[in-house]
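Let me begin by presenting the structure, written as structure tokens, before commenting on it.
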Amino acid sequence: MDIIETIKSRYDGLTKKQKKIADYMINHIDKMSFITMKELSDATSVTEVTILNACAALGFPSFKEFKYEARKYLGLREKLFLHESGDLGVSTIPKYELDNKKELLKSIAEEENVQWENYYASLDYEALFRIAKEFVYRKQIVLCGRGVSKMLAEMISIRLAGCTIGSVVMDTELNDNIHMGLPLIQNQTLTVVISFPDYYFMTEKIAEYAKSKGSHVIAITDSKEAAITRFSDDVLTVPSHTRLFLNTLSIPMGLLNVLTSAIDIEKNFKGEGKETIGSLGSYFQEKSWWKLGK
């Protein structure tokens with residue numbers, strides 16, 4: 001049985017307050033992966049002890065195990081949706097395209113080149129330097145992604161290390177990785193969420209969680225319509241379409257090269273004393289974490 005079926009199967013044996021908790025769990029299952037016991041206590045107006053007793057009554061030895069099962073349920077639901085929709089990113093090359101393999105390959109390369117040229121012409125350098133400041137001055141950085149998006153996160157982390165800026169990469173597909181990374185996300189953290197098709201629901205949930213914690217969230221994705229943008233303070237969009245595969249990494253990698261170059265320039269600019277924390281008062285005066293740090 002999945003977690004919803006488990007809750008429903010034991011529902012009749014719960015106390016009135018436990019049923020209130022169970023109802024909230026079922027109706028807000030998407031939030032259960034990251035909710036704290038205190039947040040659940042506030043939302044249901046019951047004590048944390050009552051929540052622990054409810055978890056035990058539902059067959060979960062601890063609140064952490066309940067959250068693990070909630071996360072597993074969401075993952076299985078997402079996989080089922082992809083299977084039913086057939087949206088697995090598998091492409092078949094039509095026979096007529098194979099008549100001239102060289103021309104096919106050449107046209108794919110040209111399409112990618114045109115995408116990059118158009119994107120390069122539209123780059124907003126002021127926005128890139130503004131975002132670069134977040135990397136230079138934030139206390140800690142968490143980079144989140146899954147699959148090819150995680151590869152991009154790792155590339156940023158390597159480049160940041162070259163600028164003597166530390167960061168943590170969170171694989172949003174691995175529960176252990178998520179559990180280790182979540183405590184780092186707070187109001188002084190820069191959280192970078194990277195998501196390209198097929199968009200992964202857990203990356204969106206991390207973005208939502210980070211936003212709720214007051215973290216500054218930067219989204220790197222292919223479209224302003226992507227779900228993670230709803231919870232982001234800054235959005236960098238970059239085309240990733242390619243004919244035969246779900247994504248091309250060449251153009252996103254090009255963006256990350258420019259972005260990390262801006263970060264390196266900003267870091268050196270700071271090191272030269274041309275711009276210091278004190279002289280950035282106007283930039284940080286609205287930042288709640290900066291006020292708290294004074």
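The values are calculated or read from the model by the stated rules, or taken from the named source; none is laboratory data. Everything numeric in this text was worked out from a predicted model, so none of it was measured. When we count neighbours, we look across all protein chains shown, and the Cβ atoms used for this are built from the backbone with ideal geometry, even at glycine. Just so you know, the surface numbers come from the protein's heavy atoms only, side chains and all, with ligands and any DNA or RNA stripped out. Shrake-Rupley method; radii C 1.70, N 1.55, O 1.52, S 1.80 Å.
If I go through the range 164-184 residue by residue, how many of them are surrounded by fewer than 16 Cβ atoms within 10 Å (Cβ to Cβ) and among the β-branched types (V, I, T)?
Qualifying residue count, the range 164-184: 1.
Yes or no, residue by residue, for (1) open to solvent by less than 40 Å² (accessible area, probe 1.4 Å); (2) in contact (Cβ under 8 Å) with a residue 24 or more places away in the chain; (3) not in a helix (DSSP H, G or I):
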| site | (1), (2), (3) |
| --- | --- |
| I141 | yes, yes, yes |
| V192 | yes, yes, yes |
| Y199 | no, yes, yes |
| A207 | yes, yes, no |
| K211 | no, no, no |
| I220 | yes, yes, yes |
| E225 | no, no, yes |
| R243 | no, yes, yes |
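Residues of the range 95-112 being in a helix (DSSP H, G or I) and more than 15 Å from S250 (Cβ to Cβ), which ones? Break it down stepwise before answering.
Step one: of the range 95-112, the residues in a helix (DSSP H, G or I) are 95-99, 101-112.
Selection gives K95, Y96, E97, L98, D99, K101, K102, E103, L104, K106, S107.
What number goes with the only condition from (1) surrounded by 15 or more Cβ atoms within 10 Å (Cβ to Cβ); (2) modelled with pLDDT under 80 that D233 does not pass?
(2)
Name the residue, out of F129, F135, that is open to solvent by 50 Å² or more (accessible area, probe 1.4 Å), in contact with a helix residue (DSSP H, G or I) (Cβ under 7 Å, 6 or more places away or on another chain) and part of a helix (DSSP H, G or I).
Working: F135 fails: open to solvent by 50 Å² or more (accessible area, probe 1.4 Å).
Going through F129, F135 in turn, the sole match is F129.
Condition first: of a type in the set (S, T, N, Q) and assigned to a helix (DSSP H, G or I). Now tell me which residues in the range 1-55 satisfy that.
Correct list: T6, S9, Q18, N27, S41, T44, T50, N53.
Determine, yes or no, whether E110 is loosely packed, with under 11 Cβ neighbours inside 10 Å and of a type outside the set (A, V, I, L, M).
Against the criterion (loosely packed, with under 11 Cβ neighbours inside 10 Å and of a type outside the set (A, V, I, L, M)), E110 qualifies.
Which numbered condition trips up K139, out of (1) of a type in the set (K, R); (2) under 19 Å from the mean Cα position of the chain (by Cα); (3) modelled with pLDDT of 90 or more?
So K139 meets the others, but not (3).
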